[in-house]
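**Student:** Sharing a structure here in structure tokens format.
The values are calculated or read from the model by the stated rules, or taken from the named source; none is laboratory data. Because the structure is a prediction, the values reported are computed rather than measured. In this analysis, Cβ positions are derived from the backbone assuming ideal geometry, glycine residues included, and neighbour counts consider all displayed protein chains.
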Amino acid sequence: MAYRITEECAACGSCELECPNQAISEGDTIYKIDPDKCTECVGFYKTSKCAEICPVNAPQPDPKRKETKEQLLAKFHKLHPNKEPKEG
Amino acid sequence: MKYDVVVVGGGPGGLVAAKTAAEDGLKVLLIERKKNLTEVNRTCGQTFFLAGKYKGATESGIYCYRDPAKVEIAPDTNRFVYPQGFAIDYKGPIVPYYNTYHFSPSGYRIGKYPDGNEDPYGFFYDKETLLACLMAQAEKAGAEVRQGTIGLRAEDTGRNVRIVVRSGAAEEVIEAKYAVAADGNDSVTVESLGLNRNRPLLAPPLKVAGYIMEGVEGYPRNCWLSFCIPSISPRTDILMFMVAGGRMMVVAGPAEGSLQPKAMIENFMKHPTYAWWFKHARICRETACTIHMRLPIKVPAVGNVVVVGDAGAPYETLIQGAMASGHLAIKAIEKEVSGQNGYAEYVNWWQNAFEFNDPTFFKTTARYMFMNTLCTDEDVDFLYRLFEGRVGVSQLIISRNLELVKEGRPDLYNKLKEKGVDRLGLDVGDVWKGK
């Protein structure tokens, strides 16, 4: 599933530049993840970078956006047609 | 070329750079990724320490910015006055810093300076007000400031610098003759220019959080407070300090396994010794940040790029260092433009003004962590009670008087001696040999 940023977010922005898909941006009060751009880092890393870097555990898997690894990999290819997936 | 200088990052360093450049007649653009540059959500100590009075590595294990900058308090505007002959105005709340107290779990305390000291060693300020002041000054001088614009990567072509930026969904390339990399800890600008080649990460990312609060009572005002409670925070002390304007902040971290910074703060606020301070407290802002600690940059000016502030530091240059950095970076660029070697002077200043550039710095400061990592809550209570009344940094007092622990707690003495705690003071002395 795509990740979403919960209300735990302190808007520190530590996640913004970690995202390899540039899916994270500043919202009105907290930061937000564009679910159409989130591959949970599939194609780039073994772990989801935003969740890993966040000091307050704000990014959580979004139960409303359950996606399989295959779906996430397909999303990666669509977003980055000229890139080879790493780690997978 | 549309701009003489593009400044990446709207913190204190970047804003002073933009202001200085504009005041000197340069066409300057500052980009800041946040929509509101003046909103501070990254945990920050908001204290202007007076170097020369406030001893850094020699006494407290945290580093200092060495230039003896002063603070002038005046009703119309306060000023940060630098020895290089420039000053920065700050119209906003300002509160003198008189002491740092180290507290044990049961409330025994050791003061760094004598009780009742009224000669400031620094000043607490309000960062959001400072940033607003600096932005107003920069824009008044003619700097263009673009908020909500994030620098993604930079390229030094030799003739100029090209920065790829994104604002909303739109990407564009900004060109300028020179770039100032002022985008803070783990700067993307520095990374993309290949300037992190000799700057390995020194530790896993450090996660901290800080709650800014009103209505906190009972605590010593005008001070930094440092709480050594290993059961709550196993690596470093929990910190408390004033935020000028009637508020204060509690900071905890780094995260340790499943122990998260926010939980550490909340546990501290419920701690039996200190909970009464927070009975009527209201949290006004939650702050946090994840810090990447890298070896400092050795040469912060190369080609068409000058690195300012935290972008080149292990993790902080402190407010006084960042602002000086921004000013001096522009002066260095101006010298280069007029055919003189401005970079050499800037690099020399950078290498000497910050204790973190001393070769043994990282070895010595790590040793200051012994209290939380080696001691239990009971150990800390014993030690602080034993040395209560002495004046100085608690770790150094314990280190220099470890023999006195033998009588009451031979087991604790052996534990600390085995880890070389008694030699802590000597190593720090080596750092300052000849200075």
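**Student:** List the residue pairs whose Cβ atoms are under 6 Å apart, where the first residue sits in the stretch A:14-37 and is closer than 18 Å to B:N36 by Cβ, the second is surrounded by fewer than 19 Cβ atoms within 10 Å (Cβ to Cβ) and polar (S, T, N, Q), and the two are 6 or more positions apart or on different chains.
**Tutor:** Final answer for the pair search is none.
**Student:** Can you tell me which residues in the stretch B:333-344 are among the hydrophobic types (A, V, I, L, M, F, W, C) and surrounded by fewer than 24 Cβ atoms within 10 Å (Cβ to Cβ)?
**Tutor:** B:V337, B:A344
**Student:** Where in the stretch B:132-184 are there strands (runs of 3 or more DSSP E), lying wholly inside it, with at least 3 residues that are under 19 Å from A:G13 (Cβ atoms)?
**Tutor:** B:150-156, B:161-167
**Student:** Another question, then. Going through the stretch B:191-223 one residue at a time, which ones are among the β-branched types (V, I, T) and touching a Gly at 6+ places or on another chain (Cβ under 7 Å)?
**Tutor:** Of everything in the stretch B:191-223, just one residue is among the β-branched types (V, I, T) and touching a Gly at 6+ places or on another chain (Cβ under 7 Å), namely B:V208.
Per-residue answers, yes or no, for (1) of a type in the set (A, V, I, L, M, F, W, C); (2) within 22 Å of the chain's Cα centre (by Cα); (3) within 21 Å of B:T290 (Cβ to Cβ):
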position: B:G10; (1), (2), (3): no, yes, yes
position: B:A17; (1), (2), (3): yes, yes, no
position: B:E23; (1), (2), (3): no, no, no
position: B:L26; (1), (2), (3): yes, no, no
position: B:R33; (1), (2), (3): no, yes, yes
position: B:L37; (1), (2), (3): yes, yes, yes
position: B:R42; (1), (2), (3): no, yes, yes
position: B:T47; (1), (2), (3): no, yes, no
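**Student:** Of all the helices (runs of 4 or more DSSP H) wholly in the stretch B:257-360, which have at least 3 residues that are touching a helix residue (DSSP H, G or I) at 6+ places or on another chain (Cβ under 7 Å)?
**Tutor:** B:318-337, B:342-353
**Student:** May I pose another question? Any residue at all in the stretch B:128-142 that's more than 23 Å from the chain's Cα centre (by Cα) and either within 14 Å of another protein chain (Cβ to nearest Cβ) or on the phi > 0 side of the Ramachandran plot (or both)?
**Tutor:** Yes - at least one qualifying residue is present in the stretch B:128-142.
**Student:** Now for a different question. Would you please name the residue that is farthest from the other protein chains (Cβ to nearest Cβ), looking only at residues in the stretch A:1-13 that are part of a loop (DSSP other than H, G, I, E, B) and touching a residue at least 60 places away in the same chain (Cβ under 8 Å)?
**Tutor:** The qualifying residue farthest from the other protein chains (Cβ to nearest Cβ) is A:M1.
**Student:** Can you spot a residue in the stretch B:170-185 that is modelled with pLDDT of 95 or more, under 24 Å from the mean Cα position of the chain (by Cα) and of a type in the set (S, T, N, Q)?
**Tutor:** Yes: the stretch B:170-185 contains one or more residues that are modelled with pLDDT of 95 or more, under 24 Å from the mean Cα position of the chain (by Cα) and of a type in the set (S, T, N, Q).
**Student:** Please state which of the following conditions B:I73 fails to meet, knowing it meets all the rest: (1) more than 19 Å from B:T20 (Cα to Cα); (2) buried (at least 22 other Cβ atoms within 10 Å of the Cβ).
**Tutor:** Looking at each condition in turn, B:I73 falls short on (2).
**Student:** So how many residues does the stretch B:246-287 have that are within 11 Å of another protein chain (Cβ to nearest Cβ), farther than 15 Å from B:E214 by Cα and among the hydroxyl-bearing types (S, T, Y)?
**Tutor:** 1
**Student:** Moving on to the next point. Are any residues in the stretch B:110-138 within 30 Å of B:L26 (Cβ to Cβ) and without any contact (Cβ under 8 Å) to a residue 40 or more places away in the chain, and if so, which ones?
**Tutor:** Correct list: B:A136 only.
**Student:** Hey, another quick one. For the stretch B:248-294, enumerate the residues that are surrounded by fewer than 20 Cβ atoms within 10 Å (Cβ to Cβ) and of a type in the set (K, R).
**Tutor:** Across the stretch B:248-294, the qualifying residues are B:K270, B:K279, B:R282, B:R285.
**Student:** What number of residues in the stretch A:38-73 are touching a residue at least 60 places away in the same chain (Cβ under 8 Å) and in contact with a helix residue (DSSP H, G or I) (Cβ under 9 Å, 6 or more places away or on another chain)?
**Tutor:** Going through the stretch A:38-73 one residue at a time, the tally reaches 2.
**Student:** Of the conditions (1) at the interface with chain B (Cβ under 10 Å from one of its Cβ atoms); (2) under 21 Å from B:L152 (Cα atoms), A:P20 clears all except one; give me its number.
**Tutor:** All conditions pass for A:P20, except number (1).
**Student:** Scan the stretch A:31-61 residue by residue and report those that are over 14 Å from A:E18 (Cβ atoms) and either within 14 Å of chain B (Cβ to nearest Cβ) or not in a loop (DSSP other than H, G, I, E, B) (or both).
**Tutor:** Correct list: A:K32, A:D34, A:D36, A:G43, A:V56, A:N57, A:Q60, A:P61.
**Student:** Looking at (1) within 14 Å of chain A (Cβ to nearest Cβ); (2) closer than 25 Å to B:Y97 by Cα; (3) buried (at least 23 other Cβ atoms within 10 Å of the Cβ); (4) not polar (S, T, N, Q), find the lone condition where B:I238 falls short.
**Tutor:** Against the list (1) within 14 Å of chain A (Cβ to nearest Cβ); (2) closer than 25 Å to B:Y97 by Cα; (3) buried (at least 23 other Cβ atoms within 10 Å of the Cβ); (4) not polar (S, T, N, Q), B:I238 comes up short only on (1).
**Student:** Among the residues of the stretch B:89-111, is there at least one that is surrounded by fewer than 18 Cβ atoms within 10 Å (Cβ to Cβ) and aliphatic (A, V, I, L, M)?
**Tutor:** For the stretch B:89-111, residues surrounded by fewer than 18 Cβ atoms within 10 Å (Cβ to Cβ) and aliphatic (A, V, I, L, M): absent.
**Student:** List pairs: first residue in the stretch B:408-435 and at pLDDT below 85, second residue of a type in the set (S, T, Y) and part of a helix (DSSP H, G or I) anywhere in the structure, Cβ distance under 8 angstrom, at least six positions apart or on different chains.
**Tutor:** Between residues of the stretch B:408-435 that are at pLDDT below 85 and residues that are of a type in the set (S, T, Y) and part of a helix (DSSP H, G or I), the close pairs are B:R423/B:S399; B:L424/B:Y368; B:L424/B:S399; B:G425/B:S399; B:D427/B:T364; B:V428/B:T364; B:D430/B:T364; B:V431/B:T364.
**Student:** Considering only helices (runs of 4 or more DSSP H) fully contained in the stretch B:366-418, which possess at least 3 residues that are within 20 Å of B:G111 (Cβ to Cβ) and touching a Phe, Trp or Tyr at 6+ places or on another chain (Cβ under 7 Å)?
**Tutor:** B:377-387, B:394-400
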